[in-house]
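S.K.: Once you've had a glance at the structure underneath, I'll fire off some questions.
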Amino acid sequence: MSPSPVGRPLRPRGKLLQEDARRHHRALLLQELFRGGPASRADLARSTGLTRVTVSDLVAELAGEGLLEELGAPAETRVGKPPTLVGVLSDATHIVAIDLSPDDRMRGAIVNLGGEVKARHELALAGATGVDAVALLHRLATELIALTDRPILGVGVGSPGVVDAAGTVVDAPNLGWSDEPLADGLRKALGLPVYVANDANTAVLGEHTFGEGNTDGGLMLLRVGIGVGAGLVLGGALLHGHRAAAGEIGHVVVDPDGERCACGRVGCLETLLAAPRLRQAMAADEAGADAVLRRAGEQLGAVLAPVVGTLNLHEVVLAGPAELLDGTLREAVDATIRARTMPVSGDHLVVRTSTLGDDVVLSGAAVLVLAGELGVS
Ligand SMILES: [Zn+2]
C-alpha cells in the first residue's frame, strides 16, 4: 500500500542526497528537543525513530558546535546507570530580530534560541524612505549585533509590503521600496545569514512557535495595526501564494460605497478595520463604541467565513491593540464565522487574540532564522 498523499507534497521536488538526509535528521532531533525539552539519547531515538547510533552521533556533533549541553541525570532515576539528559543551550547563539511594521520606527531585539528577548534597540524612522531606510536598517542591525557577546545565528526581518521567497521587497510603498533586495544587501554587509518576510507572514510564524495555541491544524493570524494583513500556516508550512502575496486580505473590497483606501480602491477591509480608522469611527459614532466594534467584527467575520470554510482552519488569531480586538469585536467575528459556515467548520474553531502583543513580529523574525538555519520552529 502506498502512503496516503494527504498532507504531504504531491510531487517529488528532487533527489534526496545523503547530506540532505543528515540535515533532515539533525533538524528532527533539534526539533524534538526544542519543543519537548531535555531528553535522554534513548528517549530521542524512540521519539524520532532514528537509531541509537545516529542519535549519539548527532548529539556529539551538535554538542561540539555548542548547541546542545549535557544536563546530567534526572532526579528520579531507576535502578542501573542513570541516563544523561541533553538539552538545547538557549544562549549558545543569539538571533537579531527586526520589525519594520511600525510607521515611525524600526524595532529590533536580540533573541535567544528559546525566544527570550535579551536586549532591545530601536531607531526613529524620521520619514526615511528608499536608500535612506535601507541604510537605517543596516545601522540598526549593526548596533543590535554589538549588544550581545554571543555568536549570531542570523538576522530575521519582518517588513511591510510584498516580499518574495528570496527576501526581496517587491513593493512597500510606506518605505519607498520597490524590488529592493533587502536580504541580499544585509547578507553582504553583515556576512551573516539573513531572512526577510512580510510582517504578517512573520507574525504568524511567531504565533505558531511561541504563541499559546495548538496550531498544527491550520492557523490564520490577522494583524490589525496601521493596516490589515494576514499570514497562514497550513500543513506545517507558511503559505506564500503564487506571487508571494498570500494573506493580503486587507485589500479585499467589503463596501463598494465606503471610504477610499491607501491602495487607491474604495471600501477595502482595511478602511474599516485598521486601528486608526476604528478609533476614528468609535469617537464619531453616536451609537457608541461597542456598536462600532460589533459591526466591524461582523464585517470581518463575513470576510473570514469563506476562508475558514475553504481551509477548515483550527485557529483564527487576532493580533493588534487588545482594547479594540479582545472583546466585542472578537465575539462578533466568532459568532459570524459560525453562523456562516457548516458545523464541521465552526465546531472546533478557536477565535482568539494573540498573547505575544507588540512582539509578535519580533518573535516571528527570530523563527525565520530558527527555521532557516536549524530547521526548528
Ligand atoms: Zn485597499
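S.K.: Name, by its number, the condition in (1) in contact with a Gly (Cβ under 6 Å, 6 or more places away or on another chain); (2) closer than 30 Å to Val96 by Cα that does not hold for Thr355.
M.R.: Checking Thr355 against (1) in contact with a Gly (Cβ under 6 Å, 6 or more places away or on another chain); (2) closer than 30 Å to Val96 by Cα, the one that fails is (1).
To keep it simple, each residue is scored yes or no on (1) at pLDDT 95 or above; (2) exposed (fewer than 13 other Cβ atoms within 10 Å of the Cβ); (3) at negative phi.
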| residue | (1), (2), (3) |
| --- | --- |
| Leu16 | no, yes, yes |
| Asp20 | no, yes, yes |
| Arg35 | no, yes, yes |
| Arg46 | yes, no, yes |
| Ser56 | yes, no, yes |
| Val59 | yes, no, yes |
| Pro82 | no, no, yes |
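S.K.: Among (1) in contact with a helix residue (DSSP H, G or I) (Cβ under 6 Å, 6 or more places away or on another chain); (2) away from the ligand (no atom under 16 Å from the Cβ); (3) not small (Gly, Ala, Ser), which single condition is His242 missing?
M.R.: Exception for His242: condition (1).
S.K.: Need at least 1 residues that are hydroxyl-bearing (Ser, Thr, Tyr) and within 24 Å of Leu113 (Cα to Cα) per element, so show me which helices (runs of 4 or more DSSP H) inside segment 185-294 make the cut, counting only ones lying wholly within it. Outline the logic, then answer.
M.R.: Details: elements: 199-210, 269-273, 275-284.
Correct list: 199-210.
S.K.: Condition (residue is of a type outside the set (Gly, Ala, Ser), within 11 Å of the ligand (Cβ to nearest atom) and in a helix (DSSP H, G or I)) applied to segment 303-317: is it met by at least one residue? Show your work before the answer.
M.R.: Step one: filter segment 303-317 for residues of a type outside the set (Gly, Ala, Ser), giving 303-304, 306-308, 310-317.
In the following step, the residues that additionally are within 11 Å of the ligand (Cβ to nearest atom) were identified as none.
No.
S.K.: Go through segment 250-269 residue by residue and tally those that are near the ligand (Cβ under 8 Å from one of its atoms) and surrounded by fewer than 16 Cβ atoms within 10 Å (Cβ to Cβ).
M.R.: Here the count works out to 5.
S.K.: Quick one: which residue in Val157, Val194, Val163, Val169 is at pLDDT below 95, surrounded by 15 or more Cβ atoms within 10 Å (Cβ to Cβ) and within 28 Å of Gly250 (Cα to Cα)? I'd like the intermediate steps shown before the answer.
M.R.: On the way: Val157 fails: at pLDDT below 95; Val194 fails: at pLDDT below 95; Val169 fails: at pLDDT below 95.
Sole residue among the options that is at pLDDT below 95, surrounded by 15 or more Cβ atoms within 10 Å (Cβ to Cβ) and within 28 Å of Gly250 (Cα to Cα): Val163.
S.K.: Scan segment 158-184 for residues that are part of a helix (DSSP H, G or I) and either farther than 14 Å from His138 by Cα or not assigned by TED's automatic domain parsing to the domain that holds Ile110 (or both) and report the count.
M.R.: Within segment 158-184, residues that are part of a helix (DSSP H, G or I) and either farther than 14 Å from His138 by Cα or not assigned by TED's automatic domain parsing to the domain that holds Ile110 (or both) number 3.
S.K.: Please go through (1) in contact with a helix residue (DSSP H, G or I) (Cβ under 9 Å, 6 or more places away or on another chain); (2) away from the ligand (no atom under 16 Å from the Cβ) for Ala274 and return the number of the only condition it doesn't satisfy.
M.R.: Ala274 satisfies every listed condition except (2).
The values are calculated or read from the model by the stated rules, or taken from the named source; none is laboratory data. This structure is a prediction, so every number in the text was calculated from the model and none was measured. Neighbour counts are summed over all protein chains in view; Cβ atoms, including those assigned to glycine, are modelled from backbone coordinates with ideal geometry.
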